[in-house]
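**Q** Here it is: the structure, laid out below.
The values are calculated or read from the model by the stated rules, or taken from the named source; none is laboratory data. Every value quoted in this text rests on a predicted model; they were computed, and no experiment measured them. All Cβ positions, even for glycine, are placed from backbone atoms using ideal geometry, and neighbour counts span all protein chains on display.
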Amino acid sequence: MIFNEFLENLESYEPGKPIELVAREYGIKPENIIKVASNENPFGSSPKALQAMRGCQPALYPDDSYFALKHALAVRFGCESANIIIGSGSDQVMEMAIKAVCNENRGILRAKTTFAMYDIYAKFAHAPVYKTQSEFHDLAQMAEIYTKNAANIGAVILCLPNNPLGECPDASEVYEFLELISQDTLVILDCAYMEFANFKDSKKHIKPAHVLSKFTNVLYSGTFSKAYGLGGMRVGYGLANTKLIEQISKLRPPFNITTPSLAAAIAALDDEDFVQKGIKNNFDEMPRYEAFASEFGLKFIPSYTNFIAIFTNEEKNSSILADNLLKKGIILRNLKSYGLNAVRITIGTKKQNDKVLEALRAEFA
Ligand SMILES: *Cc1c(COP(=O)(O)O)cnc(C)c1O
């Protein structure tokens, strides 16, 4: 078989270890395993979403226009249904968008340490990757790199707030940055954790309606996988100018989300109480991890998301730490593959955090 050359140096995304796998490998009962590795909602899914799923007809294809979901999102964000594309996760929206504008001569520009999938989608499009030197989203530096290479950049991607570090520039800085980018270049604002950032500090809140009214080249992407508790249902969305949506939509496979996914997403949007309770718990609990890190002299990054990145020390590097916790049935994310001696921990329920913090303290005591 002759495979395409770009597959040779294309590494697969490494997801957080699933509970079932850890149960088998370590002989731990699944109910005693805590997964704080993939930024899922520790409270599960909205009961309304679960009920809607049970009531749907999986024998039937979903309404491929996603009329009801787009309508609900349009009401939520103050835009038109024609401004919306639905993806099998927001990942698929970004994949389609990058494929639409990038190629051998038009790469992506991203922050140095950010979501690993951007590079993988760039490779699907045979596109080069430009990145900043500074660890965090340094928009001035990004603008500089953009200006020097504008003809060779197809898409600029900002992760707001950023995964895996958790930082987030102010919305006003982002809007100023967008003014510096040619309307011929796509800008993707990956706002997978925006609900969390907005709760912690409204200065971080990117408003899709504002973005749409000013910029024809910006795609706001959002997801039901994090705050909305539907990671397993794979529903995400992109909001942009109608012309942009029309073009990207040509790359969308038919029926790209499932009938239960569609029903769940619509119902989840209607259960804001569930979402807000989860977000409140997140920021009530996060200071406990900050206190742990401070207690042991470990650096952490103030986070606007549902996870926290904690840098560890040489004695107990991130791989040892992640391994030791795994043996105790706690799955967290080692950030070694990002070149960092750090771990990323999803904030769980109070009970989960009690156990995770107890295990962490035992490692450093
Ligand atoms: C989780 C996540 C997504 C969303 O993924 P889905 O495909 O919608 O599940 C997108 N971007 C970042 C940075 C994420 O962490």
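**Q** If Phe292 satisfies all but one of (1) farther than 23 Å from Asn39 by Cβ; (2) surrounded by 14 or more Cβ atoms within 10 Å (Cβ to Cβ); (3) more than 16 Å from the ligand (Cβ to nearest atom), what's the number of the condition it fails?
**A** In the conditions (1) farther than 23 Å from Asn39 by Cβ; (2) surrounded by 14 or more Cβ atoms within 10 Å (Cβ to Cβ); (3) more than 16 Å from the ligand (Cβ to nearest atom), Phe292 misses (1) alone.
**Q** Let me ask something additional. Please specify each residue of the stretch 166-188 satisfying the condition of being more than 23 Å from Ser303 (Cα to Cα) and more than 18 Å from the chain's Cα centre (by Cα). Break it down into steps so the answer makes sense when it comes.
**A** Of all residues in the stretch 166-188, those more than 23 Å from Ser303 (Cα to Cα) come to 178-187.
Scanning the stretch 166-188 gives Leu178, Glu179, Leu180, Ile181, Ser182, Gln183, Asp184, Thr185, Leu186.
**Q** Among the residues of the stretch 340-361, is there at least one that is within 27 Å of Lys204 (Cα to Cα) and in a helix (DSSP H, G or I)? Working first, answer last.
**A** In the first step, residues of the stretch 340-361 are kept if they are within 27 Å of Lys204 (Cα to Cα); the result is 340, 342-350, 353.
This time we only want the ones that are in a helix (DSSP H, G or I), so: 350, 353.
Yes, because at least one residue in the stretch 340-361 is within 27 Å of Lys204 (Cα to Cα) and in a helix (DSSP H, G or I).
**Q** Here's a follow-up. Considering only the stretch 83-123, state which residues are aliphatic (A, V, I, L, M) and under 29 Å from Ala68 (Cβ atoms).
**A** Residues satisfying the conditions are Ile84, Ile85, Ile86, Val93, Met94, Met96, Ala97, Ile98, Ala100, Met117.
**Q** Within the stretch 189-223, which residues are over 24 Å from Ser303 (Cβ atoms) and among the aromatic types (Phe, Trp, Tyr)? So that I can check it myself, show each step before the final result.
**A** Let us first name the residues in the stretch 189-223 that are over 24 Å from Ser303 (Cβ atoms), namely 209-210, 212-219.
Listed by number, the list holds a single entry, Phe215.
**Q** Quickly run through the stretch 242-288 and pick out the residues that are under 20 Å from the mean Cα position of the chain (by Cα) and of a type in the set (Ser, Thr, Tyr).
**A** Within the stretch 242-288, Ser261 is the sole residue that qualifies.
**Q** Cβ contacts < 8 Å: first residue assigned by TED's automatic domain parsing to the domain that holds Leu239, restricted to the stretch 83-99; second residue of a type in the set (Asp, Glu) and near the ligand (Cβ under 7 Å from one of its atoms), any location; separation 6+ or different chain. Result?
**A** Hits for this filter: Ser90/Asp190; Met94/Asp190.
**Q** Okay, moving on. Tally the residues that are closer than 20 Å to Tyr193 by Cα and either out of contact with any Cys (no Cβ under 9 Å at 6 or more places or on another chain) or among the β-branched types (Val, Ile, Thr) (or both), restricting the search to the stretch 110-131.
**A** Final tally of qualifying residues: 6.
**Q** Taking only pairs six or more apart or across chains, which ones have beta-carbon atoms under 8 Å, a first residue in the stretch 52-71 that is among the acidic types (Asp, Glu), and a second residue that is at pLDDT 95 or above?
**A** Qualifying pairs under 8 Å: Asp63/Leu262; Asp64/Pro254; Asp64/Phe255.
**Q** On the basis of being modelled with pLDDT under 95 and surrounded by 12 or more Cβ atoms within 10 Å (Cβ to Cβ), does Ala23 make the cut?
**A** Numbers: modelled with pLDDT under 95: yes; surrounded by 12 or more Cβ atoms within 10 Å (Cβ to Cβ): yes.
Yes: the conditions hold for Ala23.
**Q** Would you mention how many residues in the stretch 178-210 are in contact with a Phe, Trp or Tyr (Cβ under 9 Å, 6 or more places away or on another chain) and farther than 29 Å from Glu285 by Cβ?
**A** Adding up the residues that qualify gives 11.
**Q** Would you pick out the residues in the stretch 113-155 that are closer than 23 Å to Lys226 by Cα and touching a residue at least 12 places away in the same chain (Cβ under 8 Å)? Full working, then the answer.
**A** Residues of the stretch 113-155 closer than 23 Å to Lys226 by Cα: 113-121, 136-137.
Listed by number, the residues that qualify are Thr113, Thr114, Phe115, Ala116, Met117, Tyr118, Ile120, Tyr121, Phe136, His137.
**Q** Out of the stretch 1-14, which residues are part of a loop (DSSP other than H, G, I, E, B), surrounded by 10 or more Cβ atoms within 10 Å (Cβ to Cβ) and not acidic (Asp, Glu)? So that I can check it myself, show each step before the final result.
**A** Step one: of the stretch 1-14, the residues part of a loop (DSSP other than H, G, I, E, B) are 1-4, 8-14.
Filter once more, so that each one left must be surrounded by 10 or more Cβ atoms within 10 Å (Cβ to Cβ): 10-11, 13-14.
Answer for the stretch 1-14, where residues must be part of a loop (DSSP other than H, G, I, E, B), surrounded by 10 or more Cβ atoms within 10 Å (Cβ to Cβ) and not acidic (Asp, Glu): Leu10, Tyr13.
**Q** Please find, within the stretch 174-233, the residue that is nearest to Arg76 (Cα to Cα) out of those that are out of contact with any helix residue (DSSP H, G or I) (no Cβ under 7 Å at 6 or more places or on another chain) and among the basic types (Lys, Arg).
**A** Looking at residues that are out of contact with any helix residue (DSSP H, G or I) (no Cβ under 7 Å at 6 or more places or on another chain) and among the basic types (Lys, Arg), I get Lys207.
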